[in-house]
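Before any comments, here is the structure.
Rule-based calculations on the coordinates, nothing more; no lab input. All of these numbers come straight from a predicted model, not from anything done at the bench. Counting neighbours? That spans all protein chains shown, and the Cβs are built from the backbone with ideal geometry, glycine included.
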Amino acid sequence: MGNIKKIIATLVVTTIVIGGLVGCGNSAAKKSDSSIAATDSLAAIKKRGTIKIGVFSDKAPFGYVDSNGKNQGFDVFIAKRFAKDLLGDETKVQFVLVDAASRVAYLESKKVDVIMANFTVTPERAQKVDFTNPYMKVSLGIVSPNSAKITSVDQLKGKKVIIAKGTTAETFLTKNYPDIELVKYEQYSEIFQALKDKRGDAIVNDNTEVIAWAKENPGYSVGVATLGGQDTIAPAVSKGNKELKDWINTELVTLGKEKFIHKAYEATLTPVYGANYEENLVIEGGKLK
């Protein structure tokens, strides 16, 4: 009986030891795999043979799917060049369709390598993803009727200014020009109709929005294309992916030498914004002037 107890005890101890070793081995393997994914991203992309880039499907002219089912737009134009320079062929990009709310999540879950979906750099987002250097700049703009064109923010004093609630335009004007009368609407579509109905003298809104609207609506023009602070649009990679971030930053410098971002603008944005606003929107070489 005593011998049987000794044998059972020995088996239990052996099982515990072996189990502990196996558990440690799995843990180490997981850690190693995680480390490889974080530090060897370019090698993984090259081994896969494609780079996965998240873009919009419905936000023309930045990212959209055309009637033939092809991805088109400013962001797509630049993404194809990334694929060409990294993998030798612009068709080696795999476009993953995202919406505004899913951009961060798609990077965090490794569903994409890069997000290029008109992604504005903000401190809040930068806590969750790593932004590269930018390729586009955006700010506020002022659109008004040609018959009473506003060419300076000072001309807004004593006038009714139409804005959408909860926007950077509302924040900027409330903080810096508290004496200007604001006419506020819930929806973007409402502010443009309000200007047509003469319920205000001008609209202050994102410059990409007002420039595009004025181009489609004769009788109105953007007298101030850049107002207030300036935000930037940039590619983003998963947090800590320094290797891919550094490659994109170097790529943007290279592309800047041939004015490629200007070429992308001319190919995709000129029909919407016109040539006059190219310098207001494009960042060449990844650096603000």
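Remark: the range 187-226 is approximated by an ellipsoid whose semi-axes, taken from the C-alpha gyration tensor as √(5λ), come to 15, 11, 10 Å, largest first. Available extension along the chain between A275 and K196 is 25.9 nm, counting 0.36 nm per residue and deducting the alpha carbon span.
For the range 139-231, the fraction of C-alpha pairs farther apart than 21 angstrom is 17 percent.
Scaled against 2.2 N^0.38 Å for its residue count N, the alpha carbon radius of gyration of the range 205-286 is 1.31. Quick check: net charge around K52, other residues with Cβ under 12 Å of its Cβ, Lys/Arg +1 and Asp/Glu -1? With Lys, Arg at +1 and Asp, Glu at -1, the neighbours total +3. With K and R counted +1 and D and E -1, the other residues having a Cβ less than 12 Å from that of I248 yield a net charge of -3. Most simply put, the range 139-231 has about 55% antiparallel DSSP beta bridges, counting only bridges with both residues inside it.
Rg and Dmax of the range 106-157, based on Cα coordinates, read 18.0, 52 Å. Normalising the average separation of contacting C-alpha pairs (under 8 angstrom, six or more residues apart) by the number of residues puts the relative contact order of the chain at 22 percent. Quick one: net charge around Q230, please, counting Lys, Arg +1 and Asp, Glu -1 for every other residue with C-beta under 12 Å from its C-beta. Surrounding charge for Q230 is 0.
Shown for the chain are the DSSP H helices of 30 Å or more along their axis, judged by Cα atoms, with a mean Kyte-Doolittle hydropathy of at least -1.0: 2-39. Residue separation of L288 and L42 scaled by 0.36 nm, minus their Cα-Cα distance, works out to 85.9 nm of gained length.
For the range 64-190, the alpha-carbon radius of gyration amounts to 1.42 times the rule-of-thumb value 2.2 N^0.38 Å expected for a compact globular protein. Averaging 1/r over each pair of different alpha-carbon atoms in the range 157-200 and inverting the result gives 10.5 Å, the Kirkwood hydrodynamic radius. Dipole size of the range 139-231 about its Cα centre, with +1 on Lys/Arg Cβ and -1 on Asp/Glu Cβ: approximately 260 debye, rounded to the nearest 20. Taking θ as phi - 60° and the Karplus parameters 6.51, -1.76 and 1.60, the scalar couplings of the range 217-233 work out to 10, x, x, 10, 8, 8, x, 10, 8, 9, 9, x, x, 10, 9, 10, 10 Hz in sequence order, x denoting glycine and proline. Split the chain at each of the GluC sites (Glu not before Pro) in a DSSP loop with at most 15 other beta carbon atoms within 10 Å, and the longest piece is 1-185. If you take log10 I(q)/I(0) by the Debye sum over Cα atoms at q = 0.07, 0.11, 0.16 Å⁻¹ from the coordinates, which of (i) -0.37, -0.73, -1.23; (ii) -0.26, -0.64, -1.33; (iii) -0.28, -0.71, -1.55 do you get? Of the labelled values, this structure produces (i).
Among beta bridges from DSSP that stay inside the chain, the antiparallel ones total about 60%. Charged side chains reduced to their Cβ positions (Lys and Arg at +1, Asp and Glu at -1) give the chain a dipole of some 1020 debye around its Cα centre. So which residue, out of T268, T50, T151, gets the largest mean-square fluctuation from a GNM of the chain using Cα contacts under 10 Å as springs? Judging by the Gaussian network model, the answer is T151. For the pair the range 145-175 and the range 82-129, the centres of their Cα atoms are 34 angstrom apart. In order along the range 89-94, the phi-based Karplus estimate (6.51 cos²θ - 1.76 cosθ + 1.60, θ = phi - 60°) of 3J(HN,Hα) comes to 7, 5, 7, 7, 8, 9 Hz; Gly and Pro are listed as x.
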